[in-house]
Amino acid sequence: MNFIDQADIFVEAGKGGDGRVSFRKEKFISRGGPDGGDGGDGGKVILQASTNQDSLAVFRYSKQLKAESGQPGGTNRKHGKSGQDLIVAVPVGTQAKDQDGNILADMVLDKQTTVIAVGGKGGFGNAHFVNSTRQAPNFADKGEPGQLMKIVLELKMLADVGLVGLPNAGKSTLLRAISNARPKIADYPFTTLNPSVGVVDIPGSPSLLFADIPGLIEGAANGKGLGHDFLRHIERTSVIVHVIDAYSADVVGDYLTIRQELGAYKKELLRRPEIVALNKTEGMDELVKNDLIASLRRTIKSKNEPIVTISALSGIGLEELIKYTKSLLDTLKKKQLAKNKQLLMYEYKLSDNELAWQVQPIDKHSFMVTGAQIERFALRTDFNNDQAVARLLDILKKRGIIHALVRHGINPGDKIVIADKGELVY
């Protein structure tokens, strides 16, 4: 299966079931009372993080995710069955965003669940509307539609350490040497086409996760090479290891190129703790190595940034690299523990803004009413049923909307338009 780390999908929660119009019919009872039941609620769309998933490839073919709708109410006040929730498995590290880029969910823990789309409420049956002045209501609510939205799923790998460097710097070889990962390796640039994660075991300590980010080049943050597609995976890492080919014609230039691309993608990455690893130093003269280290030290602003010389191929310096990495991570762990436990959750709640409404004239005999809650009432109304329309007018009156319409000059026979949800005559 190909590695896919971004997918655009449509999610639709289930529609609420319609309420039932029904009157009790029993032997020897000529006028049974209303007994129409309420409709069931629509199912929710729920994202669930899973370590069994490692890619968003399944969403290449499943672009629409829809939960089950609620069943209509029955006779004898029977409540309709609620729709079944749709649980969608996504890899740990997946973020869900709306079309404006706002984060709706951040799935950072295995088995974490987040409601991404809420099902519509079931409509009330006519038994619900009985009162002292309305003994035999001959109307019922329609079920509300479920939330429908387009979302962007974006996978950002969760790893302790990110290996970055120009193509052929030896990142994949390093990952193979220190972990259980087996990325493809060859002697030409851009061998690695997918991010790879490897587990590095440390005796007596928790394992570390190292991620190999495919080769970056100058301009990667603007779409050149492979880096534009995979730079997002470096966001989750706590420590960045710059792998630099010691035999490069410009070691300092290579380091600065990668730093430039990281900063162009997200400036916060420039403040991330980093280690510089000069690779392929087996057989290199000590004086040459020291000169390279001195050149890098003059370039690196922080004097505390570790610079190690390694050979991923022969294993030289790898223990020292892992030791430095673990030390940095231990220092960060206390600061990040509380932050890592905070889960960004999203679920629909009725806010003060949604309770608000607005009235404005369309023309001399038509008036527009908008507002999230009042539009939901309109969605539930059967505009072909006079009693249902009369109830909606009563709701408009109780919420002060009719009073506002009168102040705007509405007269009997004028039209009230409730957004695009329906219209009625005053």
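When ASP382, ASP18 are arranged by Cβ crowding within 10 Å, least crowded first, meaning fewest neighbours, the order is ASP382, ASP18.
In this simple spin-label approximation, LYS289 and ARG134 carry label points 7 Å from Cα along the Cα→Cβ vector, and these lie 8.6 nm apart. Taking amide H as placed 1.01 Å from N in the peptide plane, the amide H of ALA117 sits under 5 Å from that of VAL45, each at least 5 places away or on another chain. Here the alpha carbons of the stretch 1-155 define both size measures, Rg and Dmax, at 20.6, 70 Å.
Can you give the FRET efficiency to the nearest 0.05 for ASP250 and ASP100, using r as the Cβ-Cβ distance and R₀ = 51 Å?
E(calc), rounded to 0.05, equals 0.80.
Please label the shape of the stretch 44-93 as rounded, prolate or oblate, based on the square roots a ≥ b ≥ c of the eigenvalues of the alpha-carbon gyration tensor (a/c under 1.5 means rounded; beyond that, a/b larger than b/c means prolate, else oblate).
Here the stretch 44-93 falls in the prolate category.
By the count of other C-beta atoms within 10 Å, a proxy for reagent exposure, ASP285, ASP212 are ordered fewest to most as ASP285, ASP212. Checking the table LYS289/LYS333; LYS150/LYS421; LYS364/LYS398; LYS171/LYS326 against a 27 Å threshold on Cα-Cα, which pairs fail? Check vs 27 Å cut-off fails for LYS289/LYS333. Of the three principal axes defined by the Cα atoms of the stretch 353-425, the extents in descending order read 29, 27, 22 Å.
When you filter the trypsin sites (Lys or Arg not before Pro) in the stretch 91-185 for DSSP loop state and at most 16 other Cβ atoms inside 10 Å of their Cβ, you are left with LYS111, ARG134, LYS184.
By the rule of a C-alpha distance below 12 Å, with chain neighbours fewer than 8 residues away ignored, the aspartates and glutamates paired with LYS142 are ASP18, ASP38, ASP41, ASP382.
None of the figures in this text is laboratory data; all of them are computed from the coordinates on show. If you're wondering where the values come from, they're calculated on a predicted model, not measured in any experiment. For neighbour counting, all protein chains shown are included, and Cβ atoms are generated from backbone atoms with ideal geometry for every residue, glycine included.
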